[in-house]
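> What follows is a structure written as structure tokens; I'll ask about it next.
The values are calculated or read from the model by the stated rules, or taken from the named source; none is laboratory data. Here the structure is a predicted model, which is why all the values come from computation and not from measurement. Note that each Cβ is placed from the backbone with ideal geometry, even for glycine, and that neighbours are counted across all protein chains shown.
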Amino acid sequence: MPTPDVPRSTHQYLLALGMASLLITRGDKAWFRHGVPLVSLLAYALLSGSHFSMIEHPPLGPTAHAVAAWFDHFVTVAVLLVVMHVMHSDVVRRDSAEAELRDAILRDELELHYQPQVDEVGHVLGIEALVRWNHPQRGQVAPGDFIPLAEDFGLINPLGEWVLRRACKQLAAWSEDPLMHRLVLSVNVSAQQFEQPQFVPQLLGLLARHGIAAPRLKLELTESALAQDLPTVAAKMQALRRAGVAISLDDFGTGFSSLSLLKHLPLDQLKIDRTFVRHLGRSAKDEAIVRTIIGLGQTRGLEVIAEGVETPLQRNTLLRLGCHRFQGFLFARPMPVAELEATLQPRPFERAAVLVQQAVTPVPDTQPMALG
């Protein structure tokens, strides 16, 4: 607290400096975007009209006091300019990104890539559709870089509708292919999209228009999409399942309501999040979590699939724990439809089977398993 030896103005400067340092240590873009203007405004409010006084400063004459006052005014004006610059830059950047994303949907700059999901012997059981943005200047943009923007800008619904339309169109094209017609296509659905009152009839209508059997489509929903209004969500899921559409709970175990959802909602599949798969074989804690998830799924009679499988050690550990469905770079990366068809058509499943056979080969665990 301020004392006769440490005046209030010193604390005011240190408070603003401390909050700025906190933002720097966070290293989070969102914190910078919202925090810098707030800290700047706080600094302006605290420092305006004060002058910086150090401990045991020597007596100051009128000239020194005048210089200090002018310095205070300069600092507050500079802070205000920083606030205006940061806020203006952020508004311009976000407006530009929003316009580009709207145009991407209208100009068909989006594209679906497909990643196979395989069983323990390499048979391709299904495929997940993953959206990519082919930006005219920046090239291919990953989903993690534009889907959060779509949610912020209110574009996630038109984006999700585009993905479902394109996925159904692709399923219809594969219906005539003797090798591809039996594959199940998984599509991610956002919380905002699933909350739409007409989501179920629109989806079923889309399947009917393309002549697609409902069991060929699987929806991957996150906990945020399911934990809002359980009775309404359960009714929608029951309607979808009655029609034959399967439902997978994506990123299982990362939220606070996983067990509640597992108890109350009709599900077909649990998807083990990659954060639990990443250190399998080296982390006893992650292995215990994955074993529990697999046990829960088996108890409920659900399929269990692990995403983010990148090494033979991860695959072997999952197999030992009782998981027999996999998705990840170990087997195949997401690829355009032409590449997927070229990979599977000549000798279906052979490439995946070779990779699985390589994964089955025992791999020495050169690193001791961590206890945490």
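> Spot the failing condition for LYS236; the list is (1) closer than 17 Å to VAL187 by Cβ; (2) touching a strand residue (DSSP E or B) at 6+ places or on another chain (Cβ under 7 Å), and only one is missed.
Status for LYS236: all satisfied but (2).
> For ILE272, which of the numbered conditions (1) of a type in the set (A, V, I, L, M); (2) within 18 Å of GLU128 (Cα to Cα); (3) surrounded by fewer than 20 Cβ atoms within 10 Å (Cβ to Cβ) fails to hold?
So the condition that ILE272 fails would be (3).
> Tell me which residues, restricted to region 330-344, are crowded, with 19+ Cβ neighbours inside 10 Å and under 25 Å from ARG166 (Cβ atoms).
The answer is PHE331, ALA332, PRO334, LEU340, THR343, LEU344.
> Right, next: Please find, within region 275-308, the residue that is surrounded by the fewest Cβ atoms within 10 Å (Cβ to Cβ) out of those that are among the charged types (D, E, K, R) and in a helix (DSSP H, G or I).
Filtering first and then ranking leaves LYS285.
> State all residues of region 257-301 that are out of contact with any strand residue (DSSP E or B) (no Cβ under 9 Å at 6 or more places or on another chain) and of a type in the set (Ser, Thr, Tyr); if no residue qualifies, say none.
Correct list: SER257, SER260, THR292, THR299.
> If we keep just the residues of region 295-321 that are more than 21 Å from ILE127 (Cα to Cα) and among the β-branched types (Val, Ile, Thr), which is modelled with the lowest pLDDT?
Top of the filtered list is THR299.
> Let me confirm something: among PRO201, PRO197, PRO116, PRO178, which residue is in a helix (DSSP H, G or I), of a type outside the set (S, T, N, Q) and assigned by TED's automatic domain parsing to the domain that holds GLY244?
Within the list PRO201, PRO197, PRO116, PRO178, the selection yields PRO201.
> Can you name every residue in region 309-329 that is in contact with a helix residue (DSSP H, G or I) (Cβ under 8 Å, 6 or more places away or on another chain), buried (at least 20 other Cβ atoms within 10 Å of the Cβ) and not in a helix (DSSP H, G or I)?
Selection gives VAL309, CYS323, PHE326, GLY328.
> Ok, one more. Which condition breaks for ARG241 when tested against (1) surrounded by fewer than 20 Cβ atoms within 10 Å (Cβ to Cβ); (2) within 24 Å of the chain's Cα centre (by Cα)?
Among (1) surrounded by fewer than 20 Cβ atoms within 10 Å (Cβ to Cβ); (2) within 24 Å of the chain's Cα centre (by Cα), the lone unmet condition for ARG241 is (2).
> Tell me which residues, restricted to region 122-145, are within 25 Å of LEU217 (Cβ to Cβ) and either in a strand (DSSP E or B) or of a type in the set (A, V, I, L, M) (or both).
VAL124, LEU125, GLY126, ILE127, GLU128, ALA129, LEU130, VAL131, ARG132, TRP133, ASN134, ALA142
> Only one residue in LEU185, LEU203 is under 18 Å from GLN115 (Cβ atoms), surrounded by 20 or more Cβ atoms within 10 Å (Cβ to Cβ) and in contact (Cβ under 8 Å) with a residue 24 or more places away in the chain, so which one is that?
Of the residues listed, the single one that is under 18 Å from GLN115 (Cβ atoms), surrounded by 20 or more Cβ atoms within 10 Å (Cβ to Cβ) and in contact (Cβ under 8 Å) with a residue 24 or more places away in the chain is LEU185.
> Residue pairs, Cβ under 7 Å, 6 or more apart or interchain, first in region 289-315 and touching a residue at least 60 places away in the same chain (Cβ under 8 Å) and in the same structural domain as LEU130 (by TED's automatic domain parsing), second crowded, with 18+ Cβ neighbours inside 10 Å and in a loop (DSSP other than H, G, I, E, B). List them.
Sorted first by the residue in region 289-315, then by its partner, the pairs are ILE305/GLN327.
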